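The values are calculated or read from the model by the stated rules, or taken from the named source; none is laboratory data. A quick note: this is a predicted structure, and the numbers were derived from the prediction, not measured. Using ideal geometry, Cβ is built from the backbone for each residue, glycine included, and neighbour counts are taken over all protein chains shown. Note: areas computed on protein heavy atoms with side chains; ligands, DNA, RNA excluded. Shrake-Rupley method; radii C 1.70, N 1.55, O 1.52, S 1.80 Å.
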Amino acid sequence: MGSSQSTPKVTAHDRAILDLKLQRDKLKQYQKKIQVVLDREHEIAKAHLATGQKDRAVIALRRRKYQQSLLLKTDSQMENLEQLVSTIEFSLVEVSVLHGLKQGNEVLQEIHREMSIESVEKLMDETQEAREYQREIGDLLANRLTHDEEDAVQAELLALQGEAVSTSCRTLFYSFSHDI
Amino acid sequence: MALSTHTTPSGFLLPSIHSAPPFFTHQPNQSTHAHLTEQWMRLILTYARHKRLFILRVEDAEVPGGDWDKILRNERINRQIPPSYLSSLMAALVVKNLAVYELAKQTHAVLLHWHLPEEWAGVLHSWATATGQLNTILTFYEISDPPIPSPLSCILIPLLRRAITILSRSNRAQIIGVADGEGVRFFVG
C-alpha cells in the first residue's frame, strides 16, 4: 500500500458534539468561579463577626446563599448537557452497529445468490445417482467374490468331513482290535 | 567541609551540592561553571518533574514564597541564587532544547520540558487508549483538567497543543476547530 490511511473527515456531527462539550467546559469554569466567590464571602462573614458587625455578616451570608443557589442551577444545567452529549455519542455507536449489520446482510445475500436452490437440488440429485450406481457396482463385485469364497468354503467342508470320518473309523477299528 | 543531602517536606531529595555555597554563585572558572550549570539544569528538571511545575520565571529568584523556593534558596547556608544567574541558566536550558521561552521575544519565563513533547505525545495517546477515549471528541480543557487526576493534569495548553501536533503527524490525532474553541480526537495508532 502506498499511502497510509488518512484520518476520517470531520463531520457536522463532530462539530456539534465539540460545541456541546465546549459549553459544558464553560459551565464548569463558571462553577469554579462561583465556588471561589462562595469561599470569599464565607471569609468576609467570619471577619465581620470577628469585628462584631453582625448585620454585615448576615448580608455576606445572604450573598453566599444566593451564589449557592446559582451553583445548584448550573449543576442541573450541566446534567442536561452531559446527558445530551452521551445520548448523541450513544446514537453514533448505534448508527455504526446498524451499518455493520447492513453490510453483513448484504454479504449474506450475495452468497445466497451464488448458491441458488435449483442448482443445489440438481447437484444433490446427481450425487444421489452416482452413489446408487457405485452401490450397484459394489454389490456386483461383492456377490462375485462371495460365490468364489463360497465354493472354497464348501470344498474345505468336504475335506474336513472326509477327515473326520476316516479318524472315527480308525478309532473304531483300534477299539475292536483291542477288545478281541 | 562535609556536604549533606537534604529532603524537602514534599519528599524530594536535594543533592549534596545544593548545600555548597559556591553552587549559588556564577563561577569565573569555565569548567567549574559548565559543571555547575549541568548540575543546576538537572536539579531544576528533576524538581519540576517531581512537583509537576511547568513554568520557571526570573521572578522566582527575586521574590520568595513561590513554588521554586526549596531549590532556588537554601536557608540552612543562607544562600539564594541571584536572578542574573537564573537567567543564564534559563538560556542554557533553551539552548539545549530542554525548555522554551513561554512567550516569544521575552526572556523572563520558560516552559520546562521535563518531558519532551514527543514523550508527552506518547503519554497522551496511551492515556486516551487506557481511558477508552479513542475516537471520541475531547476538548483541550477536558484533557488538562480531568475530573480524575491523570498523568496529564495541569499540563499547559501550548505544550498539549505541541504534543497533539506531533501525534497528528503520525495520524494518531486530529484537531477539530469550531467557532468557540478547539477539540481533538485520538485514533488507534
I'd like to check something: does region B:155-164 contain any residue that is more than 9 Å from chain A (Cβ to nearest Cβ), in contact with a strand residue (DSSP E or B) (Cβ under 6 Å, 6 or more places away or on another chain) and at pLDDT 85 or above? yes
So which residues in region B:48-70 are farther than 14 Å from B:LEU98 by Cα and assigned to a helix (DSSP H, G or I), if there are any at all? B:HIS50, B:LYS51, B:GLU59, B:ASP60, B:ALA61, B:GLU62, B:ASP69, B:LYS70
Do any residues in region A:84-103 that are part of a helix (DSSP H, G or I) have Cβ atoms under 8 Å from those of residues that are open to solvent by 100 Å² or more (accessible area, probe 1.4 Å), where the two are at least six apart or on different chains, and which pairs are they? A:ILE88/A:HIS13; A:LEU92/A:HIS13
Let me spell it out: the conditions are (1) farther than 19 Å from A:LYS26 by Cα; (2) within 14 Å of chain A (Cβ to nearest Cβ); (3) assigned to a loop (DSSP other than H, G, I, E, B), and B:ILE175 meets all of them except one. Which number is the exception? (3)
What do you reckon, is A:ARG63 within 19 Å of B:ARG185 (Cα to Cα) and either away from chain B (no Cβ under 14 Å) or touching a strand residue (DSSP E or B) at 6+ places or on another chain (Cβ under 8 Å) (or both)? no
Being under 53 Å from the mean Cα position of the chain (by Cα) and either in contact (Cβ under 8 Å) with a residue 60 or more places away in the chain or on the phi > 0 side of the Ramachandran plot (or both) narrows it down to one residue among A:LEU38, A:LEU81, A:LEU72; which is it? A:LEU81
Does region A:66-74 include one or more residues that are open to solvent by 60 Å² or more (accessible area, probe 1.4 Å), within 28 Å of B:ASN171 (Cα to Cα) and more than 10 Å from chain B (Cβ to nearest Cβ)? no
Would you be able to tell me the number of residues in region A:104-118 that are assigned to a helix (DSSP H, G or I) and either of a type in the set (S, T, N, Q) or within 18 Å of B:LEU138 (Cβ to Cβ) (or both)? 2
